[in-house]
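The block underneath contains the structure these notes are about, expressed in structure tokens.
The values are calculated or read from the model by the stated rules, or taken from the named source; none is laboratory data. Since the model is a prediction, treat every value here as computed from it, not as a measurement. No Cβ is skipped: glycine too gets one built from the backbone with ideal geometry, and neighbour counts run over all protein chains shown.
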Amino acid sequence: MQPETPAEAQSDQTPQNSAAMATPAGPSARTQTAGTTEPAAATVRVDLERIDRLVNLVGELVINQAMLAQSVTEAGMAEHAAVVSGLEEFMMLTRDIQDSVMMIRAQPVKPLFQRMSRIVREASNAVSKDVRFKTEGETTEVDKTVIERLSDPLTHMIRNAVDHGLETPEKREAAGKTREGVITLSASHRAGRVLIEISDDGAGINRPRVREIAISKGLIPAEANLTDAEIDNLLFLPGFSTASQISNLSGRGVGMDVVKSSIAALGGRVSITSEPNIGTTFSISLPLTLAVLDGMVVRVANQTLVIPLNAIVETATLTSENIKPIGHNTELLHIRGDFVPLYDLGIQLGFRHHKDRAENAIVILTTQEDGSRAALIVDAIMEQRQVVIKGLGKSYDRIPGVAAATILGDGRIALILDPTGLTNTPISKSPDQPLSLAG
């Protein structure tokens, strides 16, 4: 007697399977069967270069729309009902096209976060540590170009958190912690930007050791009096490393300075917060898109600037009564029962002296990634419009507080400001060397 072939075995089982499938299995089974009959959404794979070309064309369309609106105003046709109606429809159509193209480029960060899970496993095995990896905000959508270029910096920071951030299981037990360390990777939208945070529940930054290494390498003088934040930022100096020996994860000369440069190239910034025996958090702030944004066009000392609209909370008229001086150069704005740091854009950018501030100036309240607010003084608000983001290129060094540039409807170039970077780091205090691309 010959053994059954697979085909014969399958044939013998077919009637029983068919009978079982034909037998009703209750409401839940009927619901599941009905759910599987729904057609899947059709998708098309398109080369990224074609999408980039479409984005560039949409950017040119936005610029041409602004130029057309400028020409209509200069020609005195702004009161012509038919022209105004047609121009408004053109503007709405341009916005719809731009939103649709941006939706094509926007992708959730989930695939990127999933790749980081493998990095955590490999790094934890290499250093013999127990690590649990948590993710939050995986559905947060970011421009595809940003996601692709964020992979290497995130990989380095995850490895750094496993190697330097978390203690060994023995040290964690001695400190009253669980043997298993936790690394959390989260993403969220905040103040019109994408905020990505890598946090660990380790021992925190050993600031005395960081300071000692910086002195031994000649990066700071021995008598330097640094704050905790300034000591933490020493980690971003080129070639700085706290690794005592070279391994697959540390001590190879590729430090956090590479991470900071990569993030800065995307128009972002990175910051550190750390508490002893509680942990360390690296925060990466990135623009939502690298193509088009809604901005408020303002005038400061005869210069035209653009402030991202999603960073603006409200506007108000500035009066001497609501300005509260603190110290020699610091001013606060008293508004709605709260005190907000006040910054004059003309002074911050080196366009004018303090005494040259325009009468009846306008203050714009902006929100920061950490939830705090800041007030920016401008001379006038011109209009609200979509602007095309143009990088400053390699001809200019990266300037704190300046995100990019754009082309206005009259052909002039205007700087796009980064309110958080502008208020954290003064750009210039010298009116003799103003910052301008307008010519």
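Laid out as a table, the results:
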| quantity | calculated |
| --- | --- |
| Tally, over the stretch 123-171, of residues that are of a type in the set (D, E, K, R), surrounded by 15 or more Cβ atoms within 10 Å (Cβ to Cβ) and either within 18 Å of Gln107 (Cα to Cα) or free of Cβ contacts under 8 Å to residues at least 40 places away in the same chain (or both) | 6 |
| Strands (runs of 3 or more DSSP E) wholly inside the stretch 257-366 containing at least 2 residues that are more than 30 Å from Phe236 (Cβ to Cβ) | 292-300, 303-308, 312-317, 323-326, 330-335, 338-344 |
| Check on Thr94, farther than 26 Å from Glu167 by Cα, buried (at least 18 other Cβ atoms within 10 Å of the Cβ) and in the same structural domain as Asp163 (by TED's automatic domain parsing) | no |
| Members of the stretch 324-334 that are modelled with pLDDT under 85 and surrounded by 14 or more Cβ atoms within 10 Å (Cβ to Cβ) | Glu331 |
| Sole exception among (1) modelled with pLDDT of 90 or more; (2) among the β-branched types (Val, Ile, Thr); (3) over 17 Å from the mean Cα position of the chain (by Cα) for Val109, by number | (3) |
| Qualifying positions in the stretch 160-185 - touching a helix residue (DSSP H, G or I) at 6+ places or on another chain (Cβ under 9 Å), of a type in the set (Ser, Thr, Tyr) and under 25 Å from Arg149 (Cα atoms) | none |
| When residues of the stretch 229-256 are limited to those that are more than 17 Å from Gly218 (Cα to Cα) and modelled with pLDDT of 80 or more, the one surrounded by the fewest Cβ atoms within 10 Å (Cβ to Cβ) | Ala229 |
| Candidates Ala191, Ala174, Ala214 - the one that is farther than 23 Å from Asp232 by Cα, of a type in the set (A, V, I, L, M, F, W, C) and at pLDDT below 90 | Ala191 |
| Qualifying residue in the stretch 100-123 (condition: farther than 30 Å from Gly279 by Cα, charged (D, E, K, R) and not in a strand (DSSP E or B)) | yes |
| Among residues of the stretch 67-91, those that are surrounded by 13 or more Cβ atoms within 10 Å (Cβ to Cβ) and not in a helix (DSSP H, G or I), counted | 2 |
